[in-house]
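What follows is a set of notes on a single structure, which appears directly below.
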Amino acid sequence: MIPSYANFGGKIHGGILLSLMDKVAYATASKHSGAYCLTVSVDTVDFLQPVEVGELVSLMASVNYVGNSSMIIGIKVISENVKTGLVKHTNTSYFTMVAKGEDDKPTTVPPLKLETKTDIRRFVEAIYRKKFKQEHTAYQKEIKKNRDPEEIKRLLAGERCEVGVLRMI
Ligand SMILES: CC(C)(COP(=O)(O)OP(=O)(O)OC[C@H]1O[C@@H](n2cnc3c(N)ncnc32)[C@H](O)[C@@H]1OP(=O)(O)O)[C@@H](O)C(=O)NCCC(=O)NCCS
């Protein structure tokens, strides 16, 4: 990780890591599908530990699941201090990539060969992750719904905010 990747605090910018992960997801998905792929969704990115300038970042990726045109790529990111040998796990994220055909439409990808217990575990976990994501999507309507002023006041009470203009509510 070179100094120009650092943020104002001297740590590596999260966007640098995200960009690397996106490229690795693309490489993994396009290699499996033999097609041009697009990033559709990322679940989820929590940076567990900061990455320092000078550390060696490695990204490990696998195709965890395939649907029809979509693939879920699991990516584990680690960062190593090459002097001390200390290795930190910075995050694990799951990128959903979709393969596109010559007609620019989603195209069917080859099935996944599950050759080890780990392959099976990852595939099964991806099924659950997809299921939970669908449930999460259903909550979006609840989050976005119009609320009456009394409910808004109740929700804001106790939160660390000041409402400047009461008539906004
Ligand atoms: C990806 C894209 C082509 C999907 O189009 P669509 O009309 O929804 O097509 P489909 O409904 O056939 O979905 C295709 C696949 O994507 C999956 N998919 C679509 N939206 C998804 C989402 N938000 N999360 C996870 N999977 C998703 C579908 O489940 C489907 O999977 P399957 O073929 O394995 O069953 C379209 O959303 C798109 O072009 N998005 C922009 C992607 C992009 O430009 N990325 C670069 C970053 S800007």
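Give the shape of the chain as rounded, prolate or oblate, defined through the alpha-carbon gyration tensor: a ≥ b ≥ c are the square roots of its eigenvalues, a/c under 1.5 means rounded, and otherwise the shape is prolate if a/b is larger than b/c and oblate if not. It comes out oblate by the Cα gyration axes.
Largest GNM mean-square fluctuation among V42, V53, V24, using the chain with Cα springs under 10 Å: V53. Annotation for the stretch 60-132: trypsin sites (Lys or Arg not before Pro) lying in DSSP loop with at most 13 further Cβ atoms inside 10 Å of their Cβ are K83, K113. Per residue, the average separation of C-alpha pairs within less than 8 Å and at least 6 apart gives the chain a relative contact order of 20 percent. Taking P149, P111, P50 as the candidate residues, the one with maximal mean-square fluctuation in a Gaussian network model of the chain, Cα springs under 10 Å, is P149.
Computed extension gain for T116 through Q49, at 0.36 nm per residue and net of the alpha carbon distance, reaches 21.1 nm.
In the chain, the DSSP-assigned H stretches of four residues or longer account for a calculated mean residue ellipticity at 222 nm of -11500 deg cm²/dmol, using -39500 (n - 2.57) per stretch and the full residue count as denominator. Count the net charge of all other residues whose Cβ sits under 12 Å from the Cβ of H136, scoring Lys and Arg as +1 and Asp and Glu as -1. For residues surrounding H136, the net value is +2. The residues neighbouring F123, those whose beta-carbon lies less than 15 Å from its own, together hold a net charge of +4 under the Lys/Arg +1, Asp/Glu -1 convention. Taking amide H as placed 1.01 Å from N in the peptide plane, the amide H of N64 sits under 5 Å from that of I72, I73, G74, each at least 5 places away or on another chain. A run of the chain free of exposed loop cleavage sites, with GluC sites (Glu not before Pro) counted only in DSSP states other than H, G, I, E and B and at most 15 other beta carbons within 10 Å, reaches its longest extent at 1-101. Residues whose amide H lies under 5 Å from that of Y36, counting only those 5 or more places away or on a different chain, are K100; hydrogens are built 1.01 Å from N in the peptide plane. Helices that extend 24 Å or more along their long axis by alpha-carbon positions and average at least -0.5 on the Kyte-Doolittle scale are, among the DSSP H runs of the chain, 14-33.
For the residue pairs K83/K133; K31/K131; K76/K131, the alpha carbons lie more than 31 Å apart in K83/K133.
Read-outs throughout are calculated quantities, based only on the coordinates presented, and are distinct from any laboratory measurement. Everything numeric here is computed off the predicted structure, so don't read it as measured data. Please note: Cβ atoms are built from the backbone with ideal geometry, for glycine as well, and neighbour counts cover all protein chains shown.
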